[in-house]
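The values are calculated or read from the model by the stated rules, or taken from the named source; none is laboratory data. Predicted model, so just to flag it, every value in this text is computed and none were measured. Backbone-built Cβ (ideal geometry, glycine too); neighbour counts: all protein chains shown.
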Amino acid sequence: MLERELRIADETTIANLERSVSFFASTTILIIAGLITLLGSSEAVTKVLSDIPMISNDVNSWTFKIILLIVIFLYAFFKFTWSLRQYNFLSVMVISAPTPADNFSDERKSKHAEVLALMCSKAAGNFNLGLRTYYFSVSALAWFISPVLFMISSALVAYVLYRREFRSETLRNLMMNLDERKALNVEQKTIYKL
């Protein structure tokens, strides 16, 4: 990016990421509003659900579980909004980045690229934490049926996330590309020294 004058594609990519994060942040607010509404009518809901044998009709238990879900989604909301702000900062950093005409040293360009990459990584990391929260909220929903189902679903979600984030084909492809880029960069530096 630092070698190009036009950075429209870079800004478009960041804007696309911001839209995704913004969607989840606004959806999370709607979920929290629904849960607060549900919390206000806990007694009525437990009466309606009392005919279903698997679901507990204890109002205090129901209220605690709803509060837990509210806390989970508040955490997700703060992660999504922080990610959104970090992507906004990244967008400003891309716009203010030195252009090839500025004749910055390679060391200074490299430092700027590292800061951009770090900000992008932090924004993506917070977005990922928000998404993980959504996954674990499904486990919390299972608690309404049974504590055993809650434990099983939590373990299952942890296993699925572990497989996707640490053992997936996607990760192997990303790491392969990273290794290839590192190797290419080393080759280019060697050529420049010759």
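Of the numbered criteria (1) farther than 30 Å from L39 by Cβ; (2) in contact with a Leu (Cβ under 8 Å, 6 or more places away or on another chain), the one F73 fails is (1).
Rundown of residues vs (1) within 18 Å of A15 (Cβ to Cβ); (2) without any contact (Cβ under 8 Å) to a residue 40 or more places away in the chain; (3) under 24 Å from the mean Cα position of the chain (by Cα), yes/no style:
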{"residue": "M93", "(1), (2), (3)": "yes, yes, yes"}
{"residue": "A97", "(1), (2), (3)": "yes, no, no"}
{"residue": "A101", "(1), (2), (3)": "no, no, no"}
{"residue": "A113", "(1), (2), (3)": "no, no, yes"}
{"residue": "F127", "(1), (2), (3)": "yes, no, yes"}
{"residue": "G130", "(1), (2), (3)": "no, no, yes"}
{"residue": "S146", "(1), (2), (3)": "no, no, no"}
{"residue": "L149", "(1), (2), (3)": "no, yes, no"}
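For segment 14-45, the candidate set comprises residues that are surrounded by 11 or more Cβ atoms within 10 Å (Cβ to Cβ), β-branched (V, I, T) and more than 16 Å from the chain's Cα centre (by Cα); within that set, the residue that is modelled with the lowest pLDDT is V45.
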